[in-house]
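Notes to accompany the following structure.
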Amino acid sequence: MEVIETYFNDVKLLEPQLFQDDRGFFSESYNKKILERLGVTHTFIQDNISYSVKAGTIRGLHFQKEPKAQTKLVQVLQGAIYDVIVDLRTASPSYRQWQGYILSADNRRQLLVPKGFAHGFCTLVPETIVMYKVDEYYSPMHDSGIHWNDEQLAIPWPVKEPILSEKDRVLPKLNECEDIK
């Protein structure tokens, strides 16, 4: 497993080792011992799978507030996504800055998204399957988010008219979020 540092402290891109032969490939998607040696010490307690039928589907930007904030380990099992994170850590020098990454079944990269970040993605191809581990259970009382097309963030999403859930369509703008902790 290779770790690629990113612009943000504590956010890492992970590249699992791949063993290929004429049958296909084998890869460990998660190995606690190896990740701990690489400095990733989160205890993941749940796996979630998201399936999007069409390209241009945006999910997010989501986060959970403390004390139920979540660290996520995101990977694409089928298809490809433009994965976006926004730093919401008020004491961070990169507060309210965002970064985007391409994750795909082909590049097999995983993105470690720590607590304190909003997370969302846009599917780049139809029939995309995303799996992510979390270190805290879903809590409706702490569930929150930021509108995908927030003018302050100015994220250049790769779609003009995205497919959105009603929940994501009505998320507040960044400056309307009363308590993002």
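Overview of values
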| read-out | value |
| --- | --- |
| Val159-Gln97 pseudo-label distance in nm [points 7 Å out on the Cα-to-Cβ vector] | 2.8 |
| Peptides ranked, highest mean first, by Cβ atoms within 10 Å: ranges 142-148, 65-71 | 142-148, 65-71 |
| Computed Kirkwood radius, in angstrom, where 1/r is averaged over Cα pairs of the range 39-118 | 13.9 |
| Glu161, Glu15, Glu151 arranged by Cβ crowding within 10 Å, fewest neighbours leading | Glu161, Glu151, Glu15 |
| Proximal lysines relative to Lys133, as straight alpha-carbon distance under 18 Å, when same-chain residues fewer than 8 apart are discounted | Lys12, Lys32, Lys33, Lys65, Lys68, Lys72, Lys115 |
| Neighbourhood net charge (11 Å Cβ-Cβ; Lys/Arg +1, Asp/Glu -1) for Thr57 | 0 |
| Surface/4 of the Cα convex hull for the range 25-176, nm² | 9.6 |
| Most to least packed among 75-81, 152-158 [average Cβ atoms within 10 Å] | 75-81, 152-158 |
| Fully extended contour minus Cα-Cα distance, from Phe25 to Lys167, at 0.36 nm per residue | 47.3 nm |
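Computed from the coordinates by the stated procedures, all read-outs in this text should not be read as laboratory data. None of the values given here were measured: they were computed from a predicted structure. Using ideal geometry, Cβ is built from the backbone for each residue, glycine included, and neighbour counts are taken over all protein chains shown.
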